[in-house]
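What follows is one structure encoded as structure tokens, with my remarks underneath.
The values are calculated or read from the model by the stated rules, or taken from the named source; none is laboratory data. These figures come from a predicted structure and were not determined experimentally. Please note: Cβ atoms are built from the backbone with ideal geometry, for glycine as well, and neighbour counts cover all protein chains shown.
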Amino acid sequence: MHTTHSPLADRTGTPAEGAGDAMVNEDPIEREAATWAVRRNAGLDAEGRARLQAWLAADPRHAPALAALSATLQGVRHMPAEAAARLRAGLPQRPAPRRPAPRRPAPRRTMPWLAGLRPFLPHAAAAMVALAVLGTGWFGWWLQPSFEQTYATVRGQQMRVTLPDDAATGSTLQLDTATQLQARLFRDRREVQLGDGQAMFAVHADPARPFLVLAGPLRVTVVGTRFSIRHTASGVDAGRTVVAVEEGTVRVQRMADATQAQQPPAPEVVLGAGQMLAMGGPDDPDLGTVSNIAPQAVAQWRSGRISFNQTPLAQALAEFERYGTTGLVVHDPAVAAMTVGGSYDQRQHRRFAEFLPQLLPVRLVQRDGVTEIVAR
């Protein structure tokens, strides 16, 4: 790396009026270091940490470049608002003197961190300061998503969307009822945040741009496959996050705790076709238990079916309620805990209720416009 002073700061520590020129003189190592500095600050998964270590080991110049850019990033985050405003406006950090006077260091309250870093900051570090404040140039371009869209379905609705992540086919998302998610496409990855509900993913393979799904406490990484994720506040598996793979493989990890600066690498589980993982809430210390599932049984809601397997009656009724009003209630805790099984049409809750007395020791009672399920 060259060691010339940054054009963003003169010998007094004051940003020069031509600070934008720093963006032109960056070399590839400095650009890569800037990218890694921000990505590491935002948090890296196991794959990201491994790629960073490989990059650091590839060239002895990489480590000092990353250290310089990381220090600059911290300085930008603590830049006084007045200094940031002046830099945006392209003004000097100190007012012009009314009469000739010796050049003096800028007051420490402006940007003391830049004065301290000036002896070893390269051009790219100075460019990073300007870009982080101004929000322009290649740095902002890299960090901003090229596509961002929020999708939501109401109760009883399903939706199929195709992401513009490939010119030929594109990855497809099929949303079930009452589902909210946000899709964002970046230059180096594709990311979906599942807020509530469940969705089926058919992902276009692109090793250079991994596909990430964030749901509850889990991060699911995939290159190319078909899988489903459920994360709902009600119904079957309420409060849990369930990943089921129909085809291909996915890697499942707990998401890092943003409040902890130093954390050991999160353990991961690799799921293949016909495997499913169900995890509790964010306070559950375990990653979850892997079980087998027939590939054709993954996301049966796509064909309008609901499946129960030793499911408490209260959860079964809540699952039907996700698709529409049923008018079915249960107040007796003993009845609510009775378990049911089988596959049913999502819209045929009435037939399900009529069939219950043949499965369980219960009967149906009409009260105040609703049907209550009581013990027989």
*Quick one: how many residues across segment 270-290 are at pLDDT 90 or above and in contact with a Leu (Cβ under 8 Å, 6 or more places away or on another chain)?*
3
*From the list THR221, THR259, which one is at pLDDT below 90 and either farther than 30 Å from LEU317 by Cβ or in a strand (DSSP E or B) (or both)?*
THR259
_strands (runs of 3 or more DSSP E) fully within segment 267-341 counting 1 or more residues that are assigned by TED's automatic domain parsing to the domain that holds GLU354 and either within 32 Å of the chain's Cα centre (by Cα) or in contact (Cβ under 8 Å) with a residue 40 or more places away in the chain (or both)_ = 305-312
*asked:* If I filter segment 127-167 down to residues being in a loop (DSSP other than H, G, I, E, B) and within 17 Å of the chain's Cα centre (by Cα), which single residue comes out as modelled with the lowest pLDDT?
replied: GLN144
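Can you name the residue in segment 342-364 that is outside any helix (DSSP H, G or I) and touching a Ser or Thr at 6+ places or on another chain (Cβ under 7 Å) and, of all such residues, is nearest to THR311 (Cα to Cα)?
SER343
Yes or no, residue by residue, for (1) touching a residue at least 60 places away in the same chain (Cβ under 8 Å); (2) surrounded by fewer than 18 Cβ atoms within 10 Å (Cβ to Cβ):
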position: ALA202; (1), (2): no, no
position: ALA205; (1), (2): no, yes
position: VAL213; (1), (2): no, no
position: PRO217; (1), (2): yes, no
position: VAL220; (1), (2): no, no
position: ARG230; (1), (2): no, no
position: VAL236; (1), (2): yes, no
position: THR241; (1), (2): no, no
*Of the residues that make up segment 170-179, is at least one loosely packed, with under 15 Cβ neighbours inside 10 Å and at negative phi?*
no
*Any residue in segment 150-161 that's without any contact (Cβ under 8 Å) to a residue 60 or more places away in the chain and closer than 21 Å to PHE320 by Cα: show its pairings with residues that are assigned to a strand (DSSP E or B) and small (Gly, Ala, Ser) at Cβ separation under 9 Å, as long as the two are six or more apart or on different chains.*
ALA152/GLY195; ALA152/GLY197; THR153/GLY197; MET159/ALA152
